[in-house]
Amino acid sequence: MLGFQKATNFVLKRGNMDKKVVLLGPLEELVLLAIKALTPNAYGLGIVELITKAGGKEKNLKGLYTTLDRLQRKHLIVLAGDRSTGRLHPRKYYKLTALGENALNVVEAGRKKQEAIRTYLINANPNRFS
């Protein structure tokens, strides 16, 4: 199972608006990554199966749709359409917005910076500064 960490802040910039700090939770990050990997075929069950296959926390579809709704309200994903599959309800497909791509890039850059600092601190020799 993938380790879930605290939510990550990232800064969005929309046109001429001031910067806005948005909180991105660990499950939201996994869902964004799954949508990116599955596009143009990113739909509910496929997203859940990919996250579970990757070793992430198994999530039910109801919980996933709550997360998808939240990501839409944050303007990180949009509904890319729905396609009939012969089922009662057509599948809803999702894709990342430019803000969603930006969110993933900012989170990854922050993670790399944190890892560099962590590596430095692990290998630091306190006597070197004496």
For each of Leu38, Leu68, Leu45, count neighbouring Cβ atoms within 10 Å of the residue's Cβ, then give the residues from fewest to most.
Leu45, Leu38, Leu68
Around Ala80, which amide H atoms from residues at least 5 apart in sequence, or from another chain, sit under 5 Å from its own amide H, with H modelled in the peptide plane?
Tyr93, Tyr94, Lys95
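Taken together, the values in this text are just the output of simple stated rules run on the coordinates, not laboratory data. As the structure is a computational prediction, the values presented were derived from the model and not from experiment. For neighbour counting, all protein chains shown are included, and Cβ atoms are generated from backbone atoms with ideal geometry for every residue, glycine included.
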